Amino acid sequence: MRYSMSPGSGGSSFDGTAALRAREGLGMGPADVAYGMHAAYGLDIEPATVVAWEHGELTPDERQLTALAGALWCSAGDLLGEPRTLREFRLARSLSAADVAMEAGMDAAVYARVEETGVWTGDARQAEALAGVLRLPVPAFVELTGRGEELAGLLRRAVTSRWQAYSGPVTRIVPLPRPYVEDGLRALQEAYASVTTASLGWGQASSAGARDASRDFMADILDHFWDAMET
């Protein structure tokens, strides 16, 4: 799974089916939800909009998501699938941007710009604090604090040379015990060799298929690495 700093990248993790199940479980109609959002949060939402959210035709913004969760007697996190952005991880924890900024030791306006622009500007201490308050998985921590491309570059070099030479640099990015990272690098190189070898033409030293397999593997190397870390 790839994570994105940009709120607009890859769509939203809002789960309209979860909203539909929650509404039907409460015995409410779309008009009841719309009324509850207006009564408690002052939002004027049409019942048709509630239905469009449930069917994936529209996506609620942050304020609407909070109100929708309130009307359905659940948390915002209950209406989200797997979070992909910092904002979605924050909403899944039912935290405000100001709360996260305070816990991470960042100015509230600076943190808000991070969510809006998709550019991480915090330091290592703030990144670690952010990971703690949002309970970020390691892959999300690396990518959402702006080190995904740096890690990908190291991994591409590691699989085409001696991976042992890259265990230190990779461990400085990936906050896991070095032996665990080394096992992942070893498995990653083996996976790369397996994919490229399997694509060779019979009796040929190289082939277009092998080159294509290598290119595809390199393009998704972060996904392959996280998979290797789990094996």
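The values are calculated or read from the model by the stated rules, or taken from the named source; none is laboratory data. Predicted, not measured: the structure shown is a model, and the values here were computed from it. Note that we place each Cβ from the backbone using ideal geometry, even for glycine, and neighbour counts take in every protein chain shown.
For beta carbons closer than 8 Å, sequence separation of 6+ or different chains, a first residue in the stretch 58-79 that is among the basic types (Lys, Arg) and a second that is surrounded by fewer than 22 Cβ atoms within 10 Å (Cβ to Cβ), the qualifying pairs are 63/41; 63/43.
Among the residues of the stretch 87-94, some residue qualifies, meaning at least one is at negative phi, touching a strand residue (DSSP E or B) at 6+ places or on another chain (Cβ under 8 Å) and of a type in the set (Gly, Ala, Ser).
Take the conditions (1) part of a helix (DSSP H, G or I); (2) over 13 Å from residue 87 (Cβ atoms); residue 113 misses just one of them, which is (2). Screening the candidates 113, 93, 87, 125 for the property of being in contact (Cβ under 8 Å) with a residue 60 or more places away in the chain and among the charged types (D, E, K, R) yields one hit, 87.
Of the residues in the stretch 191-213, not one is modelled with pLDDT of 95 or more, out of contact with any His (no Cβ under 7 Å at 6 or more places or on another chain), polar (S, T, N, Q) and over 18 Å from residue 139 (Cα atoms).
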